[in-house]
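Let me begin by presenting the structure, written as structure tokens, before commenting on it.
Each reported figure results from applying straightforward, stated rules to the coordinates on display, with no laboratory input. Every value quoted in this text rests on a predicted model; they were computed, and no experiment measured them. Here the Cβ is made from the backbone with ideal geometry for all residues, glycine too, and neighbour counts use every protein chain on show.
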Amino acid sequence: MAEKTVNNGDAGADAARGGRKKPLIMAAAAIALLGLGVGVGVLLGGRSSPPEEAAPQAAAGPAPAIYVSLGDRFMVTLQYEGRQRYCKTSLSVMTRDEAVVEELGVHAPLIRGRLDSLLGEQDFGQLRTDAGRQALRGRILATVQEVLQKEIGQPGVEQVYFTDLVLQ
């Protein structure tokens, strides 16, 4: 009987060890399933907050910049030291409003006409300097904003860029 008791004791110890491992295995499996569920949710694009809450956050930051070309190159003749000189340039503007992009197309003839006049009035010597080009860029911006303010009630553009500028 002593052997039975020893054998039963060993069997009881094995059962006790297995009994302690079982909750640990179940807990590990539960954590793995939870992690898998979170991972699948992230991969499938699940959100923790409703879309209505996300919209005001997006409105808080500035809209992305939209760059719009003002069409074909501008080419004007300028007088400098008794000689004819040429200024050839291409321009783009930056806005953040899709409606302004459409309005730039609608009012392109007016904007281009005003800019042709403005470019034709420039001093060739001034345009050869960086300060002169920056001043011209400021006047071009003011002209475009003035036209848009009059036509659509807002300045519409934030910046003007020379995408090409040749002085000859």
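Quick rundown of the values:
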item	result
FRET E, pair Val106, Gln159, Förster distance 22 Å, beta-carbon r, rounded to 0.05	0.60
Net lengthening on full extension, Leu167/Arg128 (0.36 nm per residue, minus Cα-Cα)	13.3 nm
Cβ-based charge dipole, the stretch 66-167, positive-most Cα from Gly120, Thr143, Val68	Gly120
Residue order, fewest to most surrounding Cβ atoms within 10 angstrom, among Ile152, Ile31, Ile140	Ile31, Ile152, Ile140
